[in-house]
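Take a look at the structure set out below.
The values are calculated or read from the model by the stated rules, or taken from the named source; none is laboratory data. No experiment lies behind these values; they were computed from the predicted model shown. Cβ coordinates were reconstructed from backbone atoms using ideal geometry, including for glycine residues, and neighbour counts include every protein chain displayed.
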């Protein structure tokens, strides 16, 4: 195994977030499931947008947010995902490159426009996402650069990639290349409804050791094992996963390995402005910790710190240098 | 004179702001004049964007910001400005309509893309703008709906409209229609360099009473009269303007009429996050005060309150109901 050329490469749906604050009754009227991500088609996207209040556009995408967070923490990071050659595609590409991330996936010249997630943020800071995948659906196995994946210490994949069919093939191809090069493959389960759609395959990914490290929040974990009881889910997880991290919002996180389950407290936040990206940025911190050889506890603390920053403002991309923030909190490299 | 159907119609360049935080040395390296607005072509826009950090996209445009502020304060408001039929054009149209503003100007089907302002916000909260006018240049006199203008109590025009040649004709057409219907015409001088470009014409607009009310900040006023001395400029202004409001940032504002000059303090702000839109939102509050028959002092206080809200966050559009904010501060309707 040669020294990695990159610390972390993420593969995910390339999405621009369209974020508006709203009251809870808007979600009720629109039949939206608060806190979830729902896939929508272009017609529904237009209807939701027309009904939404004034919005701001900020680059998003789950794995993309994680990778930007990792770059902000100071590691070498790359992203693979598909936009169209349109205005929002240029916005996405600009923002991720300007954050210091290698991003070389060619944009689609034709087909659907760049993917958007219409995100409603309620006064409690919870976010409800309606995602039109658009060009993100056109991520193909041919977009996976074998040398780049083989040269990355960690390949990080989002569960959302299992929604578009070709992207799933890209995902599998990347995981195989990574393992052939003796690298680590990490996966986030993304969303409880996403788990609902792909439960058997996600379980198989863990059980077949296609995935070495899994991230999930409590809801996703319970959905994975179809139980309302966290302890039962954790017991099952211990059998299936080599290493998993379960995030529990203000209750902190649990690092679950076959040897032990370690609880790590959350970094307190004065006010949750917008929870979008909390899990993504937790993953960023944890992965950067691992890449640097930190122990699980310090890796989870770095994850919590990055998550705390991103939920204290609108949008899922960090607004300050996370490396500086980490230094100030005794978690620097 | 019939009862107005609309309280305020604004005419301006339709722009989407592309906002990034930066350090002062970026402005120096890029040869940017801090605090100003510079017009740029598409090549320069691409170069600035490539050099900028990750950004957020928020609808902007000076008069558009004012009109959104007026709508947020609860009056009936309309906007006239040109976008292209593209993604950012749809963003602009969505945001202004979702804010409750009538916006019926047809988008351009061909020609340059929707205008963008690349805005750099330094740690002191000052903003430096680089504007690619794009489709905004295609605002023509034919976009002015005579009935709509004649039915608006106040027609509000931005000085920036004097940059694109056809827009200037639209401006003049609208002002004539408004006066023929015995309505009020207000103008903001927009920017000291804009005044530099159009000084003689701006002076003529006031002296010929084409404009009834003028907004300017201290720099713009000094540029108008080519003097470094505020008192000399004010003395000249008293001769030329029927009514003018000079904004002075944290020093508050001066309402200058032929009878008196009244100083009104600013609403204090804990921290200026982003000064973009301060003047625009001041104008919103002042115009709404006037439209409701408030005196100059209360109108200026409402202006200061709206400006204080907008500079306390990123972007030039209000993030809360200004009507509620006004109520809470004893300035409700």
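Some points to look at:
- The lone exception for residue B:232 - which of (1) in a helix (DSSP H, G or I); (2) under 18 Å from residue B:8 (Cβ atoms) it fails: (2)
- The residues of the stretch B:262-316 that are in a helix (DSSP H, G or I) and within 22 Å of residue B:128 (Cβ to Cβ), listed by number, are B:278, B:279, B:280, B:281, B:282, B:283, B:307, B:308, B:309, B:310.
- One residue alone among A:28, A:18, A:80 is at pLDDT 95 or above and within 14 Å of another protein chain (Cβ to nearest Cβ), and that residue is A:18.
- Members of the stretch A:297-317 found to be in contact with a helix residue (DSSP H, G or I) (Cβ under 7 Å, 6 or more places away or on another chain) and over 16 Å from residue A:287 (Cα atoms), listed by number: A:309, A:310, A:311, A:316, A:317
- Among the residues listed as B:173, B:84, the single one being under 25 Å from residue B:243 (Cα atoms), touching a residue at least 12 places away in the same chain (Cβ under 8 Å) and more than 17 Å from the chain's Cα centre (by Cα): B:173
- Per-region count, the stretch A:198-215, residues closer than 25 Å to residue A:275 by Cα and out of contact with any helix residue (DSSP H, G or I) (no Cβ under 7 Å at 6 or more places or on another chain): 1
- Those residues of the stretch A:117-128 which are out of contact with any helix residue (DSSP H, G or I) (no Cβ under 7 Å at 6 or more places or on another chain), surrounded by fewer than 23 Cβ atoms within 10 Å (Cβ to Cβ) and at negative phi, in sequence order: A:121, A:123, A:124, A:126
- Residue within the stretch B:252-270 that is closer than 18 Å to residue B:159 by Cβ and free of Cβ contacts under 8 Å to residues at least 24 places away in the same chain present: yes
- Looking across A:291, A:263, A:233, one residue alone is closer than 20 Å to residue A:62 by Cα and touching a strand residue (DSSP E or B) at 6+ places or on another chain (Cβ under 9 Å). It is A:291.
- When the stretch B:317-333 is filtered for residues that are farther than 18 Å from residue B:129 by Cα and either in contact (Cβ under 8 Å) with a residue 40 or more places away in the chain or in a loop (DSSP other than H, G, I, E, B) (or both), the ones remaining, listed by number, are B:318, B:319, B:320, B:321, B:322, B:323, B:326, B:329, B:330, B:331, B:332, B:333.
- Condition met for residue A:114 (away from chain B (no Cβ under 14 Å) and either buried (at least 18 other Cβ atoms within 10 Å of the Cβ) or within 19 Å of the chain's Cα centre (by Cα) (or both)): no
- Residue within the stretch A:33-43 that is within 11 Å of another protein chain (Cβ to nearest Cβ) and either buried (at least 24 other Cβ atoms within 10 Å of the Cβ) or touching a strand residue (DSSP E or B) at 6+ places or on another chain (Cβ under 9 Å) (or both) present: no
- Counting residues in the stretch B:278-287 that are on the phi < 0 side of the Ramachandran plot, free of Cβ contacts under 8 Å to residues at least 60 places away in the same chain and either surrounded by 24 or more Cβ atoms within 10 Å (Cβ to Cβ) or within 14 Å of chain A (Cβ to nearest Cβ) (or both) gives one or more.
- Pick from the stretch B:246-261, criterion touching a helix residue (DSSP H, G or I) at 6+ places or on another chain (Cβ under 6 Å) and not in a loop (DSSP other than H, G, I, E, B), ranking: surrounded by the fewest Cβ atoms within 10 Å (Cβ to Cβ): B:255
- Across the stretch A:44-67, the qualifying residues are those that are in a helix (DSSP H, G or I) and facing another protein chain (nearest Cβ under 8 Å), and the one among them that is surrounded by the most Cβ atoms within 10 Å (Cβ to Cβ) is A:49.
- Hey, residue B:70 in contact with a strand residue (DSSP E or B) (Cβ under 7 Å, 6 or more places away or on another chain), crowded, with 22+ Cβ neighbours inside 10 Å and not in a strand (DSSP E or B) or not: yes
- Considering residues of the stretch A:95-110 that are over 11 Å from residue A:71 (Cβ atoms) and either in contact (Cβ under 8 Å) with a residue 60 or more places away in the chain or within 12 Å of chain B (Cβ to nearest Cβ) (or both) only, the residue surrounded by the fewest Cβ atoms within 10 Å (Cβ to Cβ): A:105
- Residue A:150 surrounded by fewer than 24 Cβ atoms within 10 Å (Cβ to Cβ), under 22 Å from residue A:292 (Cα atoms), away from chain B (no Cβ under 11 Å) and free of Cβ contacts under 8 Å to residues at least 60 places away in the same chain: yes
- Criterion violated by residue A:302 - all others in (1) farther than 22 Å from residue A:160 by Cα; (2) touching a residue at least 60 places away in the same chain (Cβ under 8 Å); (3) surrounded by fewer than 24 Cβ atoms within 10 Å (Cβ to Cβ) satisfied: (3)
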